Amino acid sequence: TRPDVIPLPPGTHLLYAQSGKIDHIPVEGSSLKKNKAKTLLHVPDKVVIGIAYDCVDKMVYWTDIAGHTISRASIQGGEPTTIIEIDLKSPEGIAVDHLGRNIFWTDSGLDRIEVAKMDGDQRRVLFTDDLVNPRAIVVDPVNGNLYWTDWNRDAPKIETSYMDGTNRRILVKDDLGLPNGLTYDPYSALLCWADAGTQRLECMNPNRTGRRRVIDSIRYPFGITSYGRNLYYTDWRRESIIAVDRNIGRESDEHQPSKRSRLYGITTAYSRCPPGQNHCAVN
Amino acid sequence: DPTVGSSEDCSPCPCPSGSSCAVVPKTRDVVCTNCPTGTTGKRCELCDDGYYGDPFGNEGPVRPCKQCHCSDNIDPNAVGNCNRLTGECLKCIYNTDGFYCDKCKDGFYGNALNPIPSEKCNACNCSPYGSVDQQRNCNQVTGLCECLTHVMGRDCSQCEPGYYNILSGQGCQRCDCNPIGSVN
């Protein structure tokens, strides 16, 4: 699939977390509609780290390290609902499998990766071994793959497995520093990451060997998401969202929210789900 | 609500240092949107991630938000390093532990405040044969393990002179060598 063959859905937003709130900003083509950025949700007593979007029910899911919970809310408004509130210590990354209707998350306190249905039911631990600082997690439900980062300073890595937890293996371990952010773009089949140690954004096709440096000498990336030709990352030092053109490797836009504090997770809220099905969803 | 048209439609934001605010449409809650550095919450009454304190004194005396104080034994890339209210350190590294990551964690000994990470806290590694109850803990500062009878060494891995059979796990036994036929 090539991004220029399948048109990207218009009316798409980026959702991003800034401690006690989740904001959204519309993206049109490859530019940020900065004057239309708005707060979607105030959760002033929480510290929201990871966010993910369900394009089917148009809900945002997030992890909160202050209350040790995972919650969700409709992006059309509506009260947040906590879906997981026990046995969480420091839930960070979260991913939504919109086809199989599952959520996956990392917990850097319990050092594990778990899965549950979207309402929090049928919770199951996928991995407990060989995790030191698990952080970002993304899914590619069409192909049934899970990807996550671990910023363990002694051995940082990007790993993958099938969505049921089988076939776990290390995808990247060389020339990594602090891989804080990870994104999978279903349109280009590219897995891209944001590394606060090497201060780079890099991409690879997970089915092939080789990787490509998109941009280097960036400040302190945390979250990353993809939409069209751009990657969008949050930066702890610049306290803003930065757009980088993946093809030419250049910064193309920046949005700095009026509240000045660290930005955490960022995700793309597609107005329509990306094309593709998987066998479990059909069956 | 400026649509009413009276002179009291707009009230000043109930936020410190002139922070802006917004009304949440559904709940009509007023939320400060631009709290001073290190603070957050509806009225900037909480400390942000990476800070601790009680800026309004809601739980006792007023304590402005300060950066987590964890004896340089936390990682700046981690989130949730300390409790936002009490400052208790939650993610100690280098095998440290304690409220301020100022002690070695169980099973380790040394000086958590040593500036060189590799010299902070070392594993006790008590000998499973020579230490009481096969313990893995030792004195947090000296590293001395608690030895069975006639066992010696920091890690309880040796018999005292004149004693043998540490592998018994019951302490060391006297050699009982014949004083006439032995060298010592």
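Bear in mind that the values in this text are calculations on the coordinates, not laboratory data. No experiment lies behind these values; they were computed from the predicted model shown. A quick note on method: Cβ atoms are made from the backbone with ideal geometry, for glycine too, and the neighbour counts reach across all protein chains shown.
For this structure, a couple of remarks:
- Residue-by-residue Karplus 3J(HN,Hα) for the range B:62-70, coefficients 6.51, -1.76, 1.60, Hz, glycine and proline x: 5, 10, x, 5, 10, 5, 3, 10, 10
- For the range A:8-63, the gyration tensor built on C-alpha atoms gives an oblate shape. Its axis ratio a/c (a ≥ b ≥ c) is at least 1.5, and a/b is not larger than b/c.
- Selected from B:Pro115, B:Pro16, B:Pro25 as most flexible by GNM, with chain B as the system and alpha-carbon contacts under 10 Å: B:Pro25
- Here the residues B:Met152, A:Met59, A:Met163, ranked from fewest to most Cβ neighbours within 10 Å of their Cβ, fall in the order B:Met152, A:Met59, A:Met163.
- Label-point separation, B:Glu88 to B:Ala123 (7 Å along Cα→Cβ), nm: 2.8
- Zone residues, the range A:45-85, relative to B:Phe56, backbone N less than 17 Å from point 7 Å out along Cα-to-Cβ: A:45-47
- Between A:Arg208 and A:Arg101, the FRET efficiency estimated from the beta carbon spacing at R0 = 22 angstrom works out to 0.15.
- Isotropically averaged projected area of the range A:96-180, using the convex hull of Cα atoms (one quarter of hull area), nm²: 5.4
- Peptide A:250-262 - average C-beta neighbours from other chains (10 Å radius): 2
- Pairs of alpha carbons in the range A:1-150 whose separation is greater than 23 Å (percent): 37
- Entries of A:Lys117/B:Lys26; A:Lys34/B:Lys66; A:Lys259/B:Lys66; A:Lys157/B:Lys91; A:Lys259/B:Lys105 with Cα pairs more than 27 Å apart: A:Lys117/B:Lys26; A:Lys34/B:Lys66; A:Lys259/B:Lys105
- Rounded D (µm²/s) - the range B:1-90, Kirkwood Rh over Cα pairs, Stokes-Einstein at 20 °C, 1.002 mPa s: 146
- Rounded if a/c under 1.5, otherwise prolate or oblate - the range A:13-282, Cα gyration tensor axes: rounded
- Candidates A:Arg169, A:Arg229, A:Arg262: whichever shows maximal mean-square fluctuation once chain A is modelled as a Gaussian network with Cα springs under 10 Å: A:Arg169
- Maximal additional length on extending the A:Glu251-A:Arg123 stretch stands at 42.1 nm, based on 0.36 nm per residue less the C-alpha distance.
- Rounded Å value of the spacing that divides the Cα centres of the range A:114-149 and the range B:147-181: 53
- Once the Cβ-Cβ distance of B:Cys177 and B:Ile116 is raised to the sixth power relative to R0 = 45 Å, the FRET efficiency obtained is 0.45.
- The orientation-averaged shadow of the Cα convex hull for chain B, equal to a quarter of the hull surface, comes to 17.2 nm².
- Choice from A:Gly265, A:Gly120, A:Gly77 showing the highest fluctuation, given a GNM over chain A with Cα pairs closer than 10 Å: A:Gly77
- One equal scatterer on each Cα of the protein assembly as shown, no solvent, Debye formula: the resulting log10 I(q)/I(0) at q = 0.08, 0.12, 0.14 Å⁻¹ is -0.55, -1.04, -1.33.
- Chain A, helix-only ellipticity at 222 nm - DSSP H runs n ≥ 4, -39,500 (n - 2.57), divided by all residues, nearest 500: 0 deg cm²/dmol
- For the pair B:Ser17 and A:Ser74, a Förster radius of 41 Å applied to the C-beta separation gives a FRET efficiency near 0.75, rounded to the nearest 0.05.
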